[in-house]
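Throughout, read-outs are computed from the coordinates displayed, never taken from laboratory work. Computed from a predicted model, the values in this text were never measured in an experiment. Note that we place each Cβ from the backbone using ideal geometry, even for glycine, and neighbour counts take in every protein chain shown.
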Amino acid sequence: MSNNSTSSKKLQESIEQIMKKTQYENFDEWVRNFSLNLPNIWNESSARSLDPSKDQTYNKNNHSAIVIGRGPSIKKHDHLKLLAESDYDGSIICCDGKLIDVLNAGITPDKFSKFYVTTIDPYHAIKRNYDNEIVDTYGSKIKGIFTVLTNPDAVERARQAGIKIHWLHSLFDYDEGKKSFNQISASMVRAKNHTNGLPAIQTGGNVGTSSWFISWQILKCATVALIGINHGWEETDSWNTILSHGKNDEISKNLDQNSLTFKKLFPKIYNPDFNCNCILDPLFQFYSAALKEFISRSPEWLTTINATEGGSIFGDSVVCKKFKEFLLDVKN
């Protein structure tokens, strides 16, 4: 094996170890969150109740969704303004971190009645995504989809705003069988009221990918457009910003930014569909690769559209088009 191959292998192993550490470093918090949420989980709705296919008139080909993330392209291309001024009548699935901005932009459940917000992360800081007067104003008309691992203070703040809570499982260790936390927590949920259990989704490690899964697995939409789901950085973003993301500072410390190793950790890739470049960091490499693999394996009846007009989500089974074009297409 060449020195370059050995170096690349060690680099990949190092990234994987850090990602694994990141995934499980909050395990105790997950258990605590689930324990405190369990009484409410038993007494509140399953995300399965949002499935529209129970309606005899349902036709999945008539259902579309827009997943809204926090990526930089959403501001760069005025996507919220375009959506707010449109007459789009499909589902809006808003990642929690963008909820306040989306509502302030005029994208509200008064105009877009099929309005959902998704929370996957277990951190207490998620509470701030719901702690705003505009969320209180529209909360009673918003359907919330929460993982059972969500911090209970965040769920309670959403509940206080009037958001109706719908629960699901996020899969992360189900492959370990009966000893996995996924299996144990699912058994506990089924012990009362939810005898058929809750739906479970892959998350890809982030709320954007989770929302993509929800759009077709739960809401049964045959067309899903992504805005603000870049899974990458703009070329104009500063290295200080990039290196402050996730564990980037830990992964890249003591590395020369001109070195081959650094360039492998933070590659610049070309998006041929939108004729632009973006920069990936190790976390976005993980997110991007996972989402693209999930999309490539998704059902044939599902069309996933990257309408971010940038980012790293392109390739097999991904349709790339400008958001304005998507809005015109679904209107006709």
Next item on the list: Express the relative contact order of the chain as a whole percentage, based on alpha carbon pairs under 8 Å and six or more residues apart in sequence.
Entry: 19 percent
Next item on the list: Apply 1/(1 + (r/R0)^6) to the Cβ-Cβ distance of Arg48 and Ser317, taking R0 = 30 Å, and write down the FRET efficiency to the nearest 0.05.
Entry: 0.70
Check: Each label point is 7 Å from the Cα along the Cα-to-Cβ direction; what then is the distance between the points at Arg32 and Glu293, in nm?
Finding: 3.2 nm
Check: In region 222-332, how many lysine pairs have Cα atoms under 23 Å apart, counting only pairs 8 or more places apart or on different chains?
Finding: 17
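Per DSSP helix of 4 or more residues, -39500 (n - 2.57); summed, then divided by the residues of the chain. What does that give at 222 nm, rounded to the nearest 500? Provide the component values of the computation, followed by the final result.
Details: 14 runs with 127 residues, N = 332.
Using -39500 (n - 2.57) per qualifying helix, the result is -11000 deg cm²/dmol.
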Next item on the list: Find how many whole Å separate the alpha carbon centroid of region 73-102 from the alpha carbon centroid of region 106-179.
Entry: 17 Å
Item checked: Dipole moment magnitude, nearest 20 debye, region 271-317 about Cα centre, only Lys, Arg, Asp, Glu C-beta charged -> 80 debye
Next item on the list: List, in order, the whole-Hz ³J(HN,Hα) value for each residue of region 270-287 obtained from phi through the Karplus relation with A = 6.51, B = -1.76, C = 1.60 and θ = phi - 60°; use x for Gly and Pro.
Entry: 9, 9, x, 6, 10, 6, 8, 9, 9, 10, 9, 10, x, 5, 5, 4, 5, 4
Notebook entry, point to check: Looking at the chain, what % of its DSSP beta bridges pair antiparallel, to the nearest 5?
Noted result: 15 percent
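What translational diffusion coefficient, to the nearest whole µm²/s, does region 286-332 have by Stokes-Einstein, given a Kirkwood radius computed over alpha-carbon pairs, a temperature of 4 °C and 1.567 mPa s viscosity? Intermediate values should be presented prior to the final figure.
Values: Rh = 11.4 Å.
This corresponds to a translational diffusion coefficient of 114 µm²/s.
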Item checked: For region 215-222, Karplus couplings with θ = phi - 60° (6.51, -1.76, 1.60), whole Hz, Gly/Pro x -> 4, 10, 6, 9, 8, 6, 8, 8
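Starting from region 269-326, pick out the GluC sites (Glu not before Pro) whose DSSP state is loop and whose Cβ has at most 14 other Cβ atoms within 10 Å.
Numbers: sites: Glu293, Glu300, Glu309, Glu325; in loops: Glu300, Glu309.
Answer in residue order: Glu300.
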Checklist line | Two-site label geometry, Asp249 and Lys179: point separation in nm, points 7 Å out along Cα→Cβ | finding: 3.6 nm
